């Protein structure tokens, strides 16, 4: 069987420092922002000429933390509760042949260093980028296409805050110059844990966003309660 | 720089036997049909379980006839007439870093041999497939996204037929059990030649669709005249 070599053209810098709590699709968390840093020779204006004329781009990337040598035929997507199997080609799961992902993100701007500022991302920090392509709405927007497995966005959980956690998030938002409160609410409301888990209210979960650790639990009344937002390192 | 190995999971069988006259985007020629033949171990129902629940799929593939070792920064897309340059990342052109293409096609059916029957394709026969992913309309259909470079489908040329060419196309359509007349009209009306060429009416062009060679010219009054449709080989 033929095999081919691919090489990153750049890397993603992302607010998501670990896989847990990353939205399962792009656009579900508009406050999730990052940049693409291109490698030479692509880090020059000539390679990007014209890209300012598009609102959204496809990022073709490697799921670098999900590479495995098995030939996986089925996956258990979180959308189906995490305990039901589906053919790997019927899913967008990260464990898949060739480990290639594609993600449609908003292109906010290109800076003078040729960094691409993107939002609505679902990309892990350090993701190797293989290609960038412009989105073509008249071809790729097919509203009457159907996908019975993923018909609509997941239902959202209500988010409540411990007062100190909220004021801490607001303080770090100012320091980071990032919409941190919105980011936490958008990511957690999609419920990062596998849907089939029913944790005790005393169980705490954590995820790293930018350089803060966000801690939450599932209180008895339902929803999510944010307990703490603490800078790490 | 890290490099990664990728291996085809299957190959495309397509009505397009050469690059010339392939529509520049998928969906522009709904009569363009083909199949994806999966390689072991992916050629079994388990790998495809659930895929019958989606109308469209992304095919991630290699532009196997456009691979080159140069680090190309700019391209001359046919849409801009073929003589104006654009950054490679602002274009979907086939000559690009890593030679990876992505194409959104209609999934018509999956047969008992696990072959995927697809239409609206813009894929060359023999294309190596790296991955197949379900289309997710609620995420990937963004009608108000904008792309000022490719705002709408290209203007179509009117197609006229020499009577013998039309009856020949109808005869071969029956033999092939394919919508050959529609395929020829859909492909040629997009004008396969570079837009900046103004050929003499005596100049003949040809392209191979399925196993027939289609010959046409650009008559003085405008549009395209199909001159002949001949089985080859």
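The values are calculated or read from the model by the stated rules, or taken from the named source; none is laboratory data. All figures in this text were calculated on a predicted structure; none of them were measured in a lab. Cβ sites come from the backbone with ideal geometry, for glycine too, and all protein chains shown count toward neighbours.
The helices (runs of 4 or more DSSP H) falling completely within region A:121-228 that include 1 or more residues that are over 30 Å from residue B:71 (Cβ atoms) and within 14 Å of another protein chain (Cβ to nearest Cβ) map to A:137-140.
Only one of these is within 19 Å of the chain's Cα centre (by Cα) and under 20 Å from residue B:54 (Cβ atoms): A:99, A:94, A:119. Name it. Before you say what the answer is, go through the steps one by one.
On the way: A:99 fails: under 20 Å from residue B:54 (Cβ atoms); A:119 fails: under 20 Å from residue B:54 (Cβ atoms).
Exactly one residue qualifies, and that residue is A:94.
Checking B:107, B:28 one by one, the residue that is outside any loop (DSSP other than H, G, I, E, B) and either crowded, with 21+ Cβ neighbours inside 10 Å or within 19 Å of the chain's Cα centre (by Cα) (or both) is B:107 and no other.
If a residue must be at pLDDT 95 or above and out of contact with any strand residue (DSSP E or B) (no Cβ under 9 Å at 6 or more places or on another chain), how many such residues does region B:142-166 contain? Of the residues in region B:142-166, 1 are at pLDDT 95 or above and out of contact with any strand residue (DSSP E or B) (no Cβ under 9 Å at 6 or more places or on another chain). Evaluate region B:5-15: report whether one residue or more is under 26 Å from residue B:156 (Cα atoms) and more than 8 Å from every other protein chain (Cβ to nearest Cβ). Yes, the conditions are met somewhere in region B:5-15. Tell me, please, whether a residue that is in contact with a strand residue (DSSP E or B) (Cβ under 9 Å, 6 or more places away or on another chain) and either at the interface with chain A (Cβ under 7 Å from one of its Cβ atoms) or crowded, with 21+ Cβ neighbours inside 10 Å (or both) can be found in region B:112-119. Yes, that holds for at least one residue.
The residue that is farthest from the other protein chains (Cβ to nearest Cβ), counting only those in region A:40-63 that are part of a loop (DSSP other than H, G, I, E, B) and over 26 Å from residue A:153 (Cα atoms), is A:43.
Restricted to region B:52-72, and to residues there that are modelled with pLDDT of 95 or more and more than 22 Å from the chain's Cα centre (by Cα), the residue that is nearest to residue B:118 (Cα to Cα) is B:52.
Would you be able to say whether some residue in region A:126-134 is outside the structural domain of residue A:64 (by TED's automatic domain parsing), touching a strand residue (DSSP E or B) at 6+ places or on another chain (Cβ under 9 Å) and crowded, with 17+ Cβ neighbours inside 10 Å? No, because not a single residue in region A:126-134 is outside the structural domain of residue A:64 (by TED's automatic domain parsing), touching a strand residue (DSSP E or B) at 6+ places or on another chain (Cβ under 9 Å) and crowded, with 17+ Cβ neighbours inside 10 Å.
Within region B:175-204, the set of residues being surrounded by 15 or more Cβ atoms within 10 Å (Cβ to Cβ), without any contact (Cβ under 8 Å) to a residue 40 or more places away in the chain and farther than 14 Å from residue B:159 by Cα comprises B:176, B:193. In region B:64-104, which residue that is more than 7 Å from every other protein chain (Cβ to nearest Cβ) and on the phi > 0 side of the Ramachandran plot is surrounded by the most Cβ atoms within 10 Å (Cβ to Cβ)? The residue in question is B:99.
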